[in-house]
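In what follows, a structure is listed as structure tokens, so that the remarks can point back to it.
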Amino acid sequence: MEKEKKGYKPVWIIVAFLVLIIINFLPAPEALGVVGLRALSVLAFAVIMWVTEAVKYPVSAVMIVGLLIILLGLSPVPANDIGAALDVPDGAEQFGTSNALSLAFSGFSSSALALVAAALFLASAMQITNLHKRLALYVLRIVGNKTNAIVLGTILVSILLAFFVPSATARAGAVIPILIGMVAAFGMPKDSKLATLLIVTAVQAVSIWNVGIKTAAAQNLVAVGFINEAMGEDVSWIDWFIYAAPFSIIMSILLYFVMTRFFKAETDEISGGRELIDKELAELGPIKPVEWRLITIAALLLIFWATEGILHPFDSSSITLIALALMLSPKIGVFTWKEVESTINWGTIIVFAIGISLGTVLLRTGAAQWLSDVTFGAMGLDAFPLVAVIALVSVFNIIIHLGFASATSLASALIPVFIALTTTLNMGDASLGFVLVQQFVICFGFLLPVSAPQNMLAYGTGTFTVNDLLKSGIFLTVGGYLLIILLSATYWQWIGLL
């Protein structure tokens with residue numbers, strides 16, 4: 001118990017360092033080189049730390065930076081195109097710690113990081129003003145007291161909040177207390193079938209709409225950052241929505257039928273549910289001026305996101321930072337810096353930036369390309385049609401996700417490899433689509449409580465068991481996988497994504 005309180009697991013820290021050391025003492029393959037081998041050793045270290053949660057994610061991020069600086073800085077400069085890509089001065093024998101430092105902190109200069117940071121502020125504004133709770137209450141009030149209607153309302157709330165709250169955990173945190181309150185109002189315990197039905201629906205809906213909207217989840221922005229860096233392409237908010245929203249809409253319908261067919265509640269109606277919602281709305285009081293200002297800013301932000309590259313030249317990151325400036329402005333803003341600084345998880349920003357840095361290192365040192373060639377090249381994927389490749393790699397992706405509690409970390413580790421795979425298989429115009437489809441699969445967090453932070457938040461309420469989540473998660477994972485294959489063979493080809 002004492003070790004758990006300290007928040008670290010010494011055995012796994014030792015294992016991570018042993019693996020790091022062993023890899024560094026292996027002979028470097030000619031196609032990889034010393035600098036690539038050392039990049040892979042840091043990746044192995046990071047994966048072990050992330051999967052086991054040996055230390056807190058921000059702590060492991062700082063350790064990764066230190067290792068990158070030391071190991072890359074003391075590496076010989078490759079005498080090939082990789083050396084040129086690393087921007088090392090001519091004549092240098094070692095990569096140098098100053099160059100390694102720049103590369104290790106390259107994630108902090110990413111536009112994707114600016115978008116994540118600004119999105120965290122937007123989510124914080126929703127929490128400070130309780131606007132997300134008000135929106136959830138309004139939707140649940142409209143749907144009524146019937147249990148199946150409340151299930152539908154829970155899904156609709158998750159969809160609505162996904163447009164305005166760029167944090168899966170914040171969205172789940174807005175809806176779950178309301179649903180638990182409704183269950184309590186009916187006199188049911190937290191471990192009742194009714195509570196299980198509603199809470200599991202809420203968290204699964206959040207995961208589904210992490211796919212549908214670019215700004216709904218940080219891992220999407222990790223992928224966009226790598227796509228910008230390595231492929232020289234951008235994916236606008238509306239493009240992402242056109243590609244992914246059909247998937248999330250169909251999955252939402254599947255979720256409704258899975259939950260209403262296989263999770264029967266003790267009652268078909270929650271008498272007193274509407275009264276509870278009216279009471280909570282009364283406690284919130286009338287919509288305050290600060291909420292109207294936030295509604296205005298959020299609505300404008302959504303409009304500018306949706307018209308990016310169509311009606312104006314501003315990208316998503318720039319638009320969101322301008323919105324943040326407005327939210328912090330005196331008189332017209334919605335919060336002060338003092339109010340917001342205690343509600344932001346600053347560690348998330350650090351983890352996100354270092355994750356991008358690690359992926360950038362893998363790409364620039366050629367480690368991602370080599371790992372892709374070794375992992376997927378031996379499978380003979382070049383002989384398969386694109387849809388079959390997507391099907392096989394997606395299975396690999398889903399299995400790997402079982403070990404990761406953070407989709408952001410998973411995206412940091414896998415997206416560079418998937419980008420390299422598009423080169424290995426000469427995918428050409430389908431490269432962007434392939435990487436995006438795999439990012440959609442990375443968002444699958446349906447199976448276990450540890451598969452996503454919102455799952456852990458909900459699991460902590462004691463309203464469902466691991467088997468309850470797994471029961472719904474198997475249906476959603478299999479359904480989502482089959483839908484990925486179907487859309488790859490049809491819709492995504494029709495619109496030119498693949």
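The values are calculated or read from the model by the stated rules, or taken from the named source; none is laboratory data. Predicted model, so just to flag it, every value in this text is computed and none were measured. FYI the Cβ positions are ideal-geometry reconstructions off the backbone, even for glycines, and counts take in every protein chain you see. Each accessible area value is taken on the protein alone, full model and side chains, heavy atoms only, with ligands, DNA and RNA left out. Shrake-Rupley method; radii C 1.70, N 1.55, O 1.52, S 1.80 Å.
Filtered by the rule that a residue be open to solvent by 10 Å² or more (accessible area, probe 1.4 Å) and in contact with a helix residue (DSSP H, G or I) (Cβ under 9 Å, 6 or more places away or on another chain), the stretch 226-235 gives Asn228, Glu229, Ala230, Met231, Glu233, Asp234.
Among what's in the stretch 307-360 and is part of a loop (DSSP other than H, G, I, E, B), touching a residue at least 60 places away in the same chain (Cβ under 8 Å) and farther than 22 Å from Gly173 by Cβ, pick the residue that is least open to solvent (accessible area, probe 1.4 Å). Spell out the reasoning first.
So the first thing to find is which residues in the stretch 307-360 are part of a loop (DSSP other than H, G, I, E, B), and the list is 307, 309-311, 313-315, 329-336, 342-345.
Remaining after also requiring touching a residue at least 60 places away in the same chain (Cβ under 8 Å): 307, 309-310, 315, 334-335, 343-345.
Within this subset, residues satisfying the condition of being farther than 22 Å from Gly173 by Cβ are 307, 309-310, 315.
Numbers: Thr307: 27, Gly309: 69, Ile310: 113, Asp315: 57 Å².
For the stretch 307-360, the residue satisfying everything is Thr307.
Output yes when any residue across the stretch 167-179 is out of contact with any Phe, Trp or Tyr (no Cβ under 9 Å at 6 or more places or on another chain) and open to solvent by 40 Å² or more (accessible area, probe 1.4 Å), and no when none is.
Filtering the stretch 167-179 down to residues out of contact with any Phe, Trp or Tyr (no Cβ under 9 Å at 6 or more places or on another chain) leaves 167, 169-170, 172-179.
Cutting the leftovers down to open to solvent by 40 Å² or more (accessible area, probe 1.4 Å) gives us 169, 177.
Within the stretch 167-179, one or more residues are out of contact with any Phe, Trp or Tyr (no Cβ under 9 Å at 6 or more places or on another chain) and open to solvent by 40 Å² or more (accessible area, probe 1.4 Å).
Assess whether Ser412 counts as being open to solvent by less than 10 Å² (accessible area, probe 1.4 Å) and modelled with pLDDT under 90. When the stated conditions are applied, Ser412 passes them.
For the stretch 377-393, filtered to residues that are over 23 Å from the mean Cα position of the chain (by Cα) and open to solvent by 50 Å² or more (accessible area, probe 1.4 Å), the residue that is nearest to Leu421 (Cα to Cα) is Asp382.
Among Val77, Val42, Val47, Val51, which is closer than 25 Å to Ser372 by Cβ and in contact with a strand residue (DSSP E or B) (Cβ under 7 Å, 6 or more places away or on another chain)?
The conditions single out Val77.
Do we find a residue being assigned to a strand (DSSP E or B), in contact (Cβ under 8 Å) with a residue 24 or more places away in the chain and closer than 30 Å to Ile178 by Cα anywhere in the stretch 290-305?
Of all residues in the stretch 290-305, those assigned to a strand (DSSP E or B) come to none.
Looking through the stretch 290-305, none of the residues is assigned to a strand (DSSP E or B), in contact (Cβ under 8 Å) with a residue 24 or more places away in the chain and closer than 30 Å to Ile178 by Cα.
Any idea which residue in the stretch 99-158 is nearest to Ala299 (Cα to Cα), counting only those that are of a type in the set (Lys, Arg) and open to solvent by 60 Å² or more (accessible area, probe 1.4 Å)?
Filtering the stretch 99-158 down to residues of a type in the set (Lys, Arg) leaves 133-134, 141, 146.
So of that shortlist, the ones also open to solvent by 60 Å² or more (accessible area, probe 1.4 Å) come out as 141, 146.
Working: Arg141: 22, Lys146: 31 Å.
Once the filter is applied, the top-ranked residue is Arg141.
Residues that are among the aromatic types (Phe, Trp, Tyr) number at least 1 in the following helices (runs of 4 or more DSSP H) confined to the stretch 168-282: 193-212, 218-226, 237-262.
Residues that are crowded, with 17+ Cβ neighbours inside 10 Å, aromatic (Phe, Trp, Tyr), under 16 Å from the mean Cα position of the chain (by Cα) and closer than 19 Å to Leu414 by Cβ: does the stretch 205-217 have at least one? No, the conditions are met nowhere in the stretch 205-217.
Flag set for Val374, criterion: open to solvent by 40 Å² or more (accessible area, probe 1.4 Å), under 30 Å from Leu421 (Cβ atoms) and in a helix (DSSP H, G or I). Annotation for the stretch 186-201: no member residue is open to solvent by less than 10 Å² (accessible area, probe 1.4 Å), over 25 Å from Thr422 (Cβ atoms) and touching a Lys or Arg at 6+ places or on another chain (Cβ under 6 Å).
Within the stretch 242-251, track down each residue that is open to solvent by 10 Å² or more (accessible area, probe 1.4 Å) and touching a helix residue (DSSP H, G or I) at 6+ places or on another chain (Cβ under 7 Å).
As a first pass, look at the stretch 242-251 and keep what is open to solvent by 10 Å² or more (accessible area, probe 1.4 Å): 242-243, 246, 249-250.
Matches in the stretch 242-251: Tyr243, Pro246, Ile250.
Taken as a whole, the structure leaves Ala282 outside the set of residues that are touching a Gly at 6+ places or on another chain (Cβ under 9 Å), free of Cβ contacts under 8 Å to residues at least 24 places away in the same chain and of a type outside the set (Phe, Trp, Tyr).
Looking only at the stretch 464-494, how many residues end up being in a helix (DSSP H, G or I), touching a residue at least 12 places away in the same chain (Cβ under 8 Å) and either open to solvent by less than 80 Å² (accessible area, probe 1.4 Å) or farther than 13 Å from Ile208 by Cβ (or both)?
So in the stretch 464-494, the residues in a helix (DSSP H, G or I) come out as 466-489, 491-494.
Next, only the ones that are touching a residue at least 12 places away in the same chain (Cβ under 8 Å) stay: 466, 468-477, 479-481, 483-485, 487-489, 491-492.
The next check asks that each one be either open to solvent by less than 80 Å² (accessible area, probe 1.4 Å) or farther than 13 Å from Ile208 by Cβ (or both); those that pass are 466, 468-474, 476-477, 479-481, 483-485, 487-489, 491-492.
Number of matching residues: 21.
Taking the criterion of being in contact with a Gly (Cβ under 7 Å, 6 or more places away or on another chain), surrounded by fewer than 19 Cβ atoms within 10 Å (Cβ to Cβ) and touching a residue at least 60 places away in the same chain (Cβ under 8 Å), the residues of the stretch 47-74 that qualify are Lys56, Pro58.
The residues of the stretch 415-448 that are buried (at least 23 other Cβ atoms within 10 Å of the Cβ) and not hydrophobic (A, V, I, L, M, F, W, C), listed by number, are Pro416, Gln438, Gln439, Gly445. Being open to solvent by 30 Å² or more (accessible area, probe 1.4 Å) and at pLDDT 85 or above is the filter here; which residues of the stretch 258-282 pass it? Passing the criteria: Arg261, Phe262, Ala282.
If you check Val47, Val59, Val55 for being closer than 14 Å to Val351 by Cα and not in a helix (DSSP H, G or I), only one passes: Val55.
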